[in-house]
1. State all residues of region 307-346 that are exposed (fewer than 13 other Cβ atoms within 10 Å of the Cβ) and part of a strand (DSSP E or B); if no residue qualifies, say none.
2. Just the residues that are closer than 19 Å to residue 352 by Cβ and either among the aliphatic types (A, V, I, L, M) or loosely packed, with under 15 Cβ neighbours inside 10 Å (or both), please, taken from region 268-306.
3. From the list 358, 444, 342, 354, exactly one residue is more than 30 Å from residue 89 (Cα to Cα) and in contact (Cβ under 8 Å) with a residue 24 or more places away in the chain. Which is it?
4. Find all pairs meeting these conditions: Cβ atoms under 6 angstrom apart; at least six residues apart or on different chains; first residue within region 147-158 and within 12 Å of residue 46 (Cβ to Cβ); second residue at pLDDT below 85 and assigned to a strand (DSSP E or B).
5. When residue 417 is evaluated against the numbered criteria (1) closer than 30 Å to residue 432 by Cβ; (2) touching a Ser or Thr at 6+ places or on another chain (Cβ under 8 Å), which criterion, by number, is the only one it fails?
6. Name the one entry in 154, 149 that is at pLDDT 75 or above, in the same structural domain as residue 33 (by TED's automatic domain parsing) and over 30 Å from residue 132 (Cβ atoms).
Amino acid sequence: MLPRPSPLAGLRYTNGPNTSSPAILLEDPVRYIAMSRSISQRAQRLLADHSDVTFLCSVQQKPGNTGTILALNSESNRLVEIESNGKLDELRFHYVHNGRVVQETFPYMLSDGLWHRLAISVSGDRISVYVDCNRIYQRTIQTPDRTMPLASRPTSLFLGQRDGQYALFRGALQDVKIVTQAHGYLLQCPQQDTECSTCAKFQDLEQRVKEMTTMYTELTRKLRKTEERLSELEQCECLKYCHDNGTQRQEGEEWKRDKCTTCRCKNGTVECHREECPSCPNPVYRDGECCPICHTTCYYSGKYYYHGQTVNPAVCVTCTCVNAVMQCNQLDVQKECPQLNCPESERISVHGECCPVCKGTDFCALGHDCHSNASCVNLATKYACHCQKGFDGDGHRCEDIDECKVAGGPKGHHCSDNTVCVNTQGSYRCDCLKGYSRQDSSECK
């Protein structure tokens with residue numbers, strides 16, 4: 001459990017439900033309440049070293065306020081954050097899974113101006129939410145990441161705000177704690193019932209059983225090999241010969257069974273292995289040889305080319321690397337190019353290409369590699385791919401634009417006040433907040 005920090009200069013205090021400790025009064029519109037670097041680093045270590053973590057606090061939030069109760073941030077990334085949204089009557093728990101920030105939402109009105117005891121317990125992949133010693137939610141979540149390098153990413157632990165001047169909590173906080181033990185909520189509610197075992201303990205037990213099974217399998221394999229060696233040593237007489245396909249071989253003799261397989265007589269047993277061949281881009285195989293020849297490269301116009309590699313240094317000219325020599329040939333347009341079914345006057349020469357094309361050719365119909373969320377557009381001598389509205393990319397790969405991240409502009413949303421933006425595939429929508437009715441697609445009153 002984190003130690004209680006010393007009183008911070010400039011803060012105002014008030015009375016809370018616990019008469020033995022003060023409560024912090026958070027009403028100032030401009031503030032910066034961050035714990036010291038040592039406390040922030042210790043909080044990060046606690047989260048990294050324990051799979052059973054409980055966040056405790058007593059909270060009194062002003063009605064309608066949306067603010068952060070506790071946040072542990074690394075640079076611009078949220079590592080852990082507990083947020084209460086008084087406009088939507090929601091509790092939100094932010095955490096990191098596989099390097100990505102994930103949010104769990106729990107509908108509950110906490111911002112009613114009254115004191116409440118709040119406990120959020122995370123045990124492996126199970127999260128439980130308690131308000132005033134009553135468990136109101138329990139669900140399975142994605143397992144939070146526990147590896148967070150301390151040196152490369154400095155962290156800051158904030159109270160009553162996310163960072164800087166964002167998500168300011170308005171109200172009072174008391175006894176904010178991070179507890180790393182099973183059933184940590186019992187520190188706040190000793191009379192609360194406990195479960196037989198936490199999910200984290202069960203997962204640790206399961207992992208240990210897997211490790212023991214692996215060790216048992218490896219030990220069995222080693223014992224079997226040892227028994228085989230002992231059996232060989234206990235033989236009263238050493239075998240001096242091997243028999244392979246009707247042929248008797250002397251002890252220690254080697255021979256080729258085929259062009260790629262070499263065999264040896266060892267302790268009366270025939271042991272064979274296949275020859276490993278080096279990989280090369282364009283191998284040349286020879287009769288009677290297992291491995292191919294890898295020809296040397298060609299040096300042409302300042303670049304190296306593999307044997308068999310082809311390059312077009314000019315229009316209608318093709319050069320091929322043949323055993324360290326670059327051989328070039330002029331293409332015969334009449335013979336090499338596809339036959340066109342349009343008159344000479346309707347043919348177009350394409351810059352950089354040897355073969356002409358017909359005017360008005362439907363290149364898209366001939367086949368294209370445009371993305372499923374892109375449109376194929378015919379040009380004069382080729383086709384182009386353009387991402388559809390609501391998507392961004394080069395046409396060959398298009399990703400959905402999250403318009404809700406930016407307000408206004410061609411790639412942002414245009415939702416008005418009293419609405420919340422919801423991203424959809426290729427577009428977005430504006431949902432009315434609770435208590436407001438829709439006027440049009442982007443406005444609620």
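The values are calculated or read from the model by the stated rules, or taken from the named source; none is laboratory data. Small disclaimer: the values here were computed from a predicted structure and weren't measured. Note that we place each Cβ from the backbone using ideal geometry, even for glycine, and neighbour counts take in every protein chain shown.
1. 310, 313, 314, 325, 327, 329, 330
2. 301, 303
3. 354
4. The qualifying pairs are 155/74.
5. All conditions pass for residue 417, except number (2).
6. 154
Here's the yes/no breakdown for (1) surrounded by 19 or more Cβ atoms within 10 Å (Cβ to Cβ); (2) of a type in the set (Phe, Trp, Tyr); (3) under 24 Å from residue 164 (Cβ atoms):
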| position | (1), (2), (3) |
| --- | --- |
| 55 | yes, yes, yes |
| 58 | yes, no, no |
| 62 | no, no, yes |
| 69 | yes, no, yes |
| 80 | yes, no, yes |
| 86 | yes, no, yes |
| 89 | no, no, no |
| 97 | no, no, no |
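Matching residues to (1) in contact with a Leu (Cβ under 7 Å, 6 or more places away or on another chain); (2) over 25 Å from residue 23 (Cα atoms); (3) without any contact (Cβ under 8 Å) to a residue 40 or more places away in the chain:
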{"residue": "73", "(1), (2), (3)": "yes, no, no"}
{"residue": "89", "(1), (2), (3)": "no, no, no"}
{"residue": "92", "(1), (2), (3)": "no, no, yes"}
{"residue": "102", "(1), (2), (3)": "no, yes, no"}
{"residue": "109", "(1), (2), (3)": "no, no, yes"}
{"residue": "114", "(1), (2), (3)": "no, no, no"}
